[in-house]
1. Out of the stretch 513-592, which trypsin sites (Lys or Arg not before Pro) are coil in DSSP terms and have no more than 15 other C-beta atoms within 10 Å?
2. Compute the Rg/Rh shape ratio of the stretch 480-620: radius of gyration over Kirkwood radius, all on alpha-carbon atoms.
3. Which net charge results when you count Lys and Arg as +1 and Asp and Glu as -1 among the other residues whose beta-carbon is under 14 Å from that of Asn704?
4. If you put +1 on each Lys and Arg Cβ and -1 on each Asp and Glu Cβ, how big is the dipole of the stretch 526-625 around its Cα centre, in Debye rounded to 20?
5. Show me the ranking of peptides 234-247, 487-500 by mean Cβ neighbours inside 10 Å, starting with the highest.
6. At 10 °C and 1.306 mPa s, what whole-number value in µm²/s does Stokes-Einstein give for the translational diffusion of the stretch 655-806, with Rh from the Kirkwood sum over Cα pairs?
7. Which of the aspartates and glutamates could a cross-linker bridge to Lys538, judged by Cα under 14 Å and excluding same-chain residues fewer than eight apart?
8. Could you give me D for the stretch 381-438, from Stokes-Einstein at 10 °C and 1.306 mPa s, where the hydrodynamic radius is the Kirkwood radius over C-alpha pairs? Units µm² s⁻¹, please.
Amino acid sequence: MHFSKKLQFCLIAIVVGGAILVSIPSIALAAPLSIKKSSVITRKRLPPKHQVALCYTKQNDIKLAWQLQPKSQNGRYSIGPISLSNLHTQLTLTQKAYKVEKRDSAKKVLAKRIYILEITLIALEDFFRGCVSKLTGTSSTPTPTITATSTPTNTTVPTITSTATPTITFTPTATYTNTPSPSASATPTPTSTGTPTPRATNSPTPSPIPTNTPTPRPTNSPTPSPTPGGPTINVQANFNRVEGPAPLFITMDATQTTGLQNGPLKADFLTVFDATGVDPSNTTSYKRGAFNGHVYTRPGTYYVRVYVESGGIRGESSVQTIVVHDPSSYYASTYCFSNSVRRNFTACPNTDSRYHIVTDNFQSALNYGAPYSRLLFDAGSSWNITSVQAQGTGPQHIGSYREATAPLSQRPRLISSAQGYSSAVSLANQSNIIFTGFQITGNFTGDPASSNLTGITVDGTHNALVFDNIIENTNNHGIYLGHSHADLGIVQNLIRFNGQYGLYGGAQRLVVMSNTITDVRSQHGIRIQGGAYSYFWKNALTNIAGHTSITIRGNNTISIIMNNLLEQILSVMPQNETSAEYVRDVQIDGNTFRPRLGLDRLNFAIRCAARNVVVRNNIALKVSTFFDATNHPLVGACSEVDIDHNTFYNDGNILNDEHYLLTATSASTDFKLRNNIYYSLSSTSWARAIQFAAPLTELESNGNLFYMPNQTSSWRGFYGGSNSYTFSSWQSAGMDQSSINGAPYFVSTDPNNIGFLIPDSNSPLVDRAISSTGLSNNFDANGDLRPRDGNGDNRAVADVGALERQ
């Protein structure tokens, strides 16, 4: 009898806030087995290089479940489960034998096998998300002793002394009642079931809103012990608020952390927003960066911890408790609105008909806005509007309701025919407001050029969330942000067919996550004009016909641009040569740059006239120049730049173009170019890997791979100061002493292949990166951990380029 077996082996044990989280990916254990009916028990010892694997993931189950599954899919054989109590105090499981039996329909044993597993589990301070090879005996950090605890419930929150002090606290008071009159400029149209009594006692009467003073969880995972007398890191994790109703928008700021070697942007931060898996459906609970944000969509009590590594030293914050309330009990009043055609309230969460309002006047519905009010609109209804304004003050939720059988694409639609400079929806001068679930469409009866409609305006507003909306066909901006506000979340919106900008403005502590901005007809996908502390994560900016995908301008500091898809230039510089604007402290990490559909190239990936810029783990496809450092007449040149672990890949489709990994002016200073891939098939004499016009004393270039097979004998791939160089003469000038001039050998060069631009087993990129002094870089472009032992020599060394061989 023949059958193949695969042991789901890679055991992951993670300690986050005292809870152990596990996941079990698969690795093939053996070739197809030949087992006779009366075969004796066979023993199999796992090979040494598989004895230790550490992964960082999120699972709600804290049991370890081993399974053996044949490839034929004709059965599943259980080996386990093993509870945490079976593990040794140092999380080591050795020589544990498991028997697997295959039986026929009569329960007769046909074959059986015993596996002996030798596994060492490493606790979380060895860290982070992804998988990293930590082979037995090679870890410099001793395995900590951990007492496993059960996953806490939301009803019992132990006590802890927390160092995470919220910078902005929001404490609801009991001064609001259920009976105030709405502020209205128009009288709402009542339903035929009776005239509602605004702010009447709602059914049921909500419980008093709890205060936001958290009782955090105890710290029962060990804090890494610093070397006696050595440096330590004190993580200062500050949150804009620690409680509120779902969907709850949170910002986290750890930029004031002390003990970092070279500031927060050159360190590796990871925030775990859901350490115990309260919401297993939320796949965004891990955020990198010293400043970031998160949206909680499910009520519950969450525990947050922030981890950091800088200069080989690791630190972690105390646990911060976040309480997310059920909106049905949080808000004092819930009104539902439908238009006169639909008159549909079947899905309204408030069954009291006095709160069911039929109206064709959307502004009259907004006039019901007041503290602790929730205004919900029928997803099947539409309203014709010009410009409408949210009323009252927060907390306030303006959203939608939808029948369970209705398609998810159905949402309340606002059709604006406003002319001139106007906004379809204004959320100006609000605080603690949520606007979610709408479709806003511009509708022009005349010449669209006569309108400068903006979809949503957020100005003078604090703690605001614009979430899961469609904004389309606006001739000005999709979303406009003023400047005098803080802690804004622009999350998971679709912004399309806009005339000027998808998103424009500035803010203090701005988070722009998981949005799609597409088909912008001119100017910029996102333009940030001033402000501080902004985070752009997993946005897709596609088919941008204007100047840039993202541009950071004004006097701006702390911008983190991470894991975005960009089809136009990313610009960090003043808006023009007459503007004295200072942009500094920018982290550009894990993004993919490519030309928009129909074009064979993107001229620039990144253009810079800023200071203190970290560029790492990015992938540039069919881009003429990856990084262009320019000189601004008023603020000076782009300087203090780390360009590390990026992959520049140009195949034969744009052969005769100027190709550069780096171009820099004569005024540029303090550039570090390390562990990058430059892959260009161009044969033009203007295709240079590096064009550095400044003195070479301002450039550190090493550990890179250059692949330029179409160069001629007279071709010069490098330029420094006033001289051109071949690779050998470039090395003679002191540059790239440990770099490679040869083919990289990828698993695949097909963008549709899962192995695209990942080093194969024979690649010279594997385990070849040099140490990037002063810059922590523990993640690749996919968010997987580096370094991994890619060549099997029991030494974990990072690979060159943006992607680590896993």
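The numbers here are math on the coordinates, done by the rules we state, and not lab data. Note that the structure is a prediction, hence the values are computed from the model and not measured. No Cβ is skipped: glycine too gets one built from the backbone with ideal geometry, and neighbour counts run over all protein chains shown.
1. Arg521
2. Reported Rg/Rh (Cα atoms, Kirkwood Rh): 0.93.
3. So the surrounding residues net to 0.
4. The calculated dipole for the stretch 526-625 is roughly 160 debye.
5. Going from most to least packed, we get 487-500, 234-247.
6. Translational diffusion coefficient: 98 µm²/s.
7. Glu567, Asp589
8. Answer, rounded: 122 µm²/s.
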